[in-house]
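I have placed the structure first, in the form of structure tokens, so that the comments after it can refer back to it.
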Amino acid sequence: MNVTVADGPKFMQLGIIVSGIGLIFTFFFHIGTKEREYSTDLRNAEFSFTRSYVREMKWSDWLRDSQFYQVALIYMFARLTANLTQVYLPMYLTDSLHLRKDYIAIIPLAVYVSSFFSSFLMERADKWIGTKWTLFVGLLITGGACAWMWFPDLNLQVFGVAVLLGSGTSTVSITALSLTGQLIGRNTESGAFVYGVISFFDKLCNGVAVVIVQQFYPCSTLTCCDACSWFYRYVMVFVPGGAVVLTFVVLATIARSNIGDRDQGARVLRPMGERAGLIQNVGSSYGAIDEPVYDRSVRVPGRDDAATLPINSSSLSSSLPGLAYIPGTRGRNIQHDDDWWDPIAKSLPANA
């Protein structure tokens, strides 16, 4: 009934099969996925004041952003919940519930199938109730599964636990990843740093958690003793359950925040339709913001009418550094340097 050293070759074969399939699909992904090429030639680009304006985020800027740490904690706890349930589920099945060895394949399969089907609901749930509420529901489902495992002798009820674990951990992991994407927003120039840091701490936290849990392992030998029955049950209840509670706490701190909204200190120009680099960073704050502005136009400072002038690279070729957003005017006025603004103002119709 227990997993022993004699089962080692079977797990080795499974590991080789899983790794081989993963390598094959990774190869096809990199060969078959075509990346879009973005132009960085600004000389012939047409510029506009688009709906969203960003200021470049360097890696050091993220370290001064409180939302970076909040989202990183949510992602870390989400992955901790999913990974530790996967690590200790086989021992829980065989040593705590005393099920047959084939259940260490059947129950995880039920978890993954539940995760697969629940993932189809994520987009619709996000539209209906939003990312944070979807995360909240996922945490409730995962917490319910952890609480259910507190009861001994579940027998076939473990399939219900598997469904809840699969749907709950899938929901939490997907929404945590979605929050990370919202945090990065249009600051894709340093998005790799954000994903790299949170992924690093995710792996680090999982490793530390496993080491700490194993310090409380009650048996002095590799052969499981009677104490393992309650040990793995406690691990499956309190470790993922504790991560769920901590995620609730962090989620409460961002409940009223708009993830990805940072202090608006300046406006910058982007080429229309291109994801080119930022031309000029003005001000000391940073972030992505959304609000209506006049596309492809500038307003004459000091005028109260709606006179606008389409602009392109030829009219702004040597004058881009003079542009800056005036806070509180919602993009309707532009600070300027007279050296470049005067020719544009003079070119406007006299009755404009």
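Every read-out reported here was derived from the displayed coordinates using simple, explicitly stated rules and does not represent laboratory data. Predicted, not measured: the structure shown is a model, and the values here were computed from it. Using ideal geometry, Cβ is built from the backbone for each residue, glycine included, and neighbour counts are taken over all protein chains shown.
The tail of the calculated P(r) for the stretch 71-110 beyond 14 Å holds 53 percent of all Cα-Cα pairs.
What FRET efficiency comes out for the pair Arg36/Phe238, r = Cβ-Cβ distance, R0 = 45 Å, nearest 0.05? FRET efficiency, Arg36 to Phe238: 0.45. Principal axis extents of the Cα atoms in the stretch 46-180, from largest to smallest and rounded to whole angstrom, are 66, 31, 24. Each peptide among 106-117, 56-67, 161-172 gets the average number of other Cβ atoms lying within 10 Å of its residues, and from highest to lowest they stand as 161-172, 106-117, 56-67. Multiplying the residue separation of Asp226 and Ser66 by 0.36 nm and removing their Cα-Cα distance gives an extension gain of 53.0 nm.
The order of the peptides 122-131, 71-80 by mean Cβ neighbours within 10 Å, most packed first, is 71-80, 122-131. Restriction of the trypsin sites (Lys or Arg not before Pro) in the stretch 202-259 to DSSP coil positions whose beta-carbon has at most 16 other beta-carbons within 10 angstrom yields Arg256.
Ranked from highest to lowest mean number of other Cβ atoms within 10 Å per residue, what is the order of the peptides 85-93, 204-212? List each step's numbers first, then the result.
Numbers: 85-93: 21.1, 204-212: 13.4.
Listed from highest to lowest mean packing, they are 85-93, 204-212.
Annotation for Asn258 and Val5: the two label points, set 7 Å from Cα along the Cα-Cβ direction, are 6.2 nm apart.
The length gained by stretching the chain between Trp128 and Leu23 to full extension, at 0.36 nm per residue less their Cα-Cα distance, is 34.1 nm. Overall shape of the stretch 125-174 was characterised from the C-alpha gyration tensor. The equivalent ellipsoid obtained from it has semi-axes of 25, 9, 7 Å, in decreasing order.
Among the chymotrypsin sites (Phe, Trp or Tyr not before Pro) in the stretch 135-215, those placed in a DSSP loop whose Cβ has at most 14 other Cβ atoms within 10 Å are Trp150. Computed FRET efficiency, Cβ-Cβ of Leu14 and Ile106, R0 25 Å: what is it to the nearest 0.05? Using R0 = 25 Å, I get an efficiency of 0.95.
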